[in-house]
Ligand code: NAI
């Protein structure tokens, strides 16, 4: 069984090597993203392995199908970049539902601690023997209210971490987790009462631009917004306006609406064309990391194990339905 692995990065291969590729499975690692221009690389393969910034829209699905590809194995949890409806009756789709909720939740907290206590600024200052504390004051997280939107695997780990800091937690989820002990409130209350808001829901039509001018207007002045979920949960222009108006106190962004054009590549020698991204990065109260929240050794090992398992079980005729993504109208 032959797997075409798209958007390969240096950290991908060791995880799969460590896990071990079973006999009968052959993986070819391709550097380009999967999209309309590169889909022909999948000719002769039984399945494709894709990540967050590969484009698997209806035309790519049709092209894969006509090339004889039978399955898409996502090596990530989110599947908003795959047209699941278009896959119906053509390609089976599997994902890695959980590789390390701890990795993502811990990164969300790392971003919050950094932006609040300005460790990113302090690091640069002391390297230059500048020991001034000017402008480095943060606030205690203890006693503050954090609003968590999406209380699935990652959101709940993040809630536990916040509890450890002595923070109050307000939660919102379309499907509240029974028995979680979380204090669920309606979104307007969460927006109005939270000092910090962290997004942990998937990107769907319903959650697209959940954070926009209207929701920002309902928030506390100085609110810190953390997004380690998907870029399009936030209307970037509205976020920039909120920061410029001093309504939003800070933003911690591991994901960005147009990240597919930039993230995971080195643009340090280029003029970056995306003015919104450049504006965000220019702001002292914004931290951007390039979709790295998942990047721990444990997560990479789990990604490899689940992806190989998804592939092998599908081709053995015993697909793992717990990891399968099916179209839900
Ligand atoms: P999960 O499926 O365990 O939890 C998602 C939660 O969101 C569920 O409780 C669900 O009920 C809730 N939800 C669904 N629709 C909602 C809505 N309209 N409003 C509010 N809540 C809603 O997923 P998990 O593993 O916690 O991951 C959350 C998200 O994190 C993923 O969808 C993915 O986009 C993102 N992610 C980001 C990574 C990174 O490296 N930055 C890595 C892994 C995931």
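General observations
- Residue-level analysis places residue 76 among those that are surrounded by fewer than 22 Cβ atoms within 10 Å (Cβ to Cβ) and within 16 Å of the ligand (Cβ to nearest atom).
- Checking each residue in segment 185-199 for being in contact with a helix residue (DSSP H, G or I) (Cβ under 6 Å, 6 or more places away or on another chain), within 11 Å of the ligand (Cβ to nearest atom) and free of Cβ contacts under 8 Å to residues at least 60 places away in the same chain picks out only 199.
- Residue list for segment 155-184, filter: more than 21 Å from residue 142 (Cβ to Cβ) and within 13 Å of the ligand (Cβ to nearest atom): 172, 173, 174, 175, 176, 177, 178, 180, 184
- Test for residue 325: is it within 16 Å of the ligand (Cβ to nearest atom), surrounded by fewer than 17 Cβ atoms within 10 Å (Cβ to Cβ) and either assigned by TED's automatic domain parsing to the domain that holds residue 158 or under 19 Å from the mean Cα position of the chain (by Cα) (or both): yes
- Those residues of segment 43-63 which are without any contact (Cβ under 8 Å) to a residue 60 or more places away in the chain and in contact with a helix residue (DSSP H, G or I) (Cβ under 6 Å, 6 or more places away or on another chain), in sequence order: 48, 58, 60, 61, 63
- When 242, 249 are checked against the criterion of being within 24 Å of residue 118 (Cβ to Cβ), crowded, with 21+ Cβ neighbours inside 10 Å and more than 16 Å from the ligand (Cβ to nearest atom), a single residue qualifies: 242.
- Residue that is surrounded by the most Cβ atoms within 10 Å (Cβ to Cβ), among those in segment 82-95 that are touching a strand residue (DSSP E or B) at 6+ places or on another chain (Cβ under 7 Å) and touching a residue at least 40 places away in the same chain (Cβ under 8 Å): 94
- Candidates 257, 206, 273, 237: the one that is within 30 Å of residue 85 (Cβ to Cβ), part of a loop (DSSP other than H, G, I, E, B) and away from the ligand (no atom under 12 Å from the Cβ) is 257.
- Number of positions in segment 165-202 that are more than 21 Å from residue 250 (Cβ to Cβ) and surrounded by fewer than 20 Cβ atoms within 10 Å (Cβ to Cβ): 17
- Residue list for segment 276-295, filter: in contact with a strand residue (DSSP E or B) (Cβ under 6 Å, 6 or more places away or on another chain) and either buried (at least 17 other Cβ atoms within 10 Å of the Cβ) or touching a residue at least 12 places away in the same chain (Cβ under 8 Å) (or both): 280, 285, 286, 287, 288
- So residue 97, is it over 30 Å from residue 161 (Cβ atoms) and assigned to a loop (DSSP other than H, G, I, E, B): no
- Verdict on residue 189 being part of a loop (DSSP other than H, G, I, E, B) and either assigned by TED's automatic domain parsing to the domain that holds residue 255 or under 19 Å from residue 80 (Cβ atoms) (or both): no
- Residues considered: 229, 268, 180. Of these, the only one that is touching a residue at least 40 places away in the same chain (Cβ under 8 Å) and in a loop (DSSP other than H, G, I, E, B) is 229.
- For segment 106-115, the set of residues classified as surrounded by fewer than 20 Cβ atoms within 10 Å (Cβ to Cβ) and either farther than 22 Å from residue 78 by Cβ or modelled with pLDDT under 95 (or both) consists of 113, 114, listed by residue number.
- Qualifying residue in segment 128-148 (condition: surrounded by 14 or more Cβ atoms within 10 Å (Cβ to Cβ) and within 14 Å of the ligand (Cβ to nearest atom)): yes
- Qualifying residue in segment 119-129 (condition: modelled with pLDDT under 95 and either under 28 Å from residue 5 (Cβ atoms) or part of a helix (DSSP H, G or I) (or both)): no
- Residues satisfying the stated conditions in segment 303-317, i.e. within 14 Å of the ligand (Cβ to nearest atom) and more than 16 Å from residue 13 (Cβ to Cβ): 306
The values are calculated or read from the model by the stated rules, or taken from the named source; none is laboratory data. Nothing here was measured: the structure is a model prediction, and the numbers come from that model. Reconstructed Cβ throughout: ideal geometry from the backbone, glycine too, with neighbour counts over all protein chains shown.
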